[in-house]
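The values are calculated or read from the model by the stated rules, or taken from the named source; none is laboratory data. Only a predicted model underlies this, so the values are computations on that prediction, with no experimental measurement involved. Ideal geometry is used to build each Cβ from the backbone, glycine not excepted, and the neighbour counts take in all protein chains shown. Heavy atoms of the whole protein, side chains included, go into the accessibility calculation; ligands, DNA and RNA do not. Shrake-Rupley method; radii C 1.70, N 1.55, O 1.52, S 1.80 Å.
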Amino acid sequence: MPWLVTATPVELASIIAQRLGLTGALGTVSEVEGGVYTGRLVGTPLHGQAKAEAVRALAGREGAGRAGLL
């Protein structure tokens, strides 16, 4: 169940995770309206505390304890 967790835009992170054979990716989410990037973010960049919170939430959804996190 390895995941890529990065501040990189999630669209790019997902491609990298797929090519590396990982389960999935978490990354910074960009706003899209009508199929066009607005240049704004949805929420905050996935960095620092936001990344830690996202990893904890992922572990809860995936049923992984601390031992399952690298």
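Summary of computed values
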| quantity | calculated |
| --- | --- |
| Check: the chain dipole with +1 on Lys, Arg Cβ and -1 on Asp, Glu Cβ, in debye | 260 |
| Within segment 5-25: backbone nitrogen closer than 17 Å to the residue 41 label point (7 Å, Cα to C-beta) | 5-14 |
| Per-bin percent of Cα-Cα distances, the chain [5 Å] | 3, 17, 24, 23, 19, 9, 4, 1, 0 |
| Positive-pole candidate from 7, 25, 60, dipole of the chain, charges at beta carbon | 60 |
| Mean accessible surface per residue for the chain, computed with a 1.4 Å probe while every protein chain stays in place, in Å² | 69 |
| Using alpha-carbon coordinates, inclination of helix 49-62 to the longest axis of the chain, degrees | 60 |
| Point-to-point label distance, residue 29-residue 7, nm (Cα→Cβ direction, 7 Å offset) | 1.9 |
| Length-normalised contact order of the chain in % [C-alpha pairs under 8 Å, at least 6 apart] | 26 |
| In order through segment 37-44: 3J(HN,Hα) via Karplus (6.51 cos²θ - 1.76 cosθ + 1.60), integer Hz, x for Gly, Pro | 5, 8, x, 9, 9, 9, x, 9 |
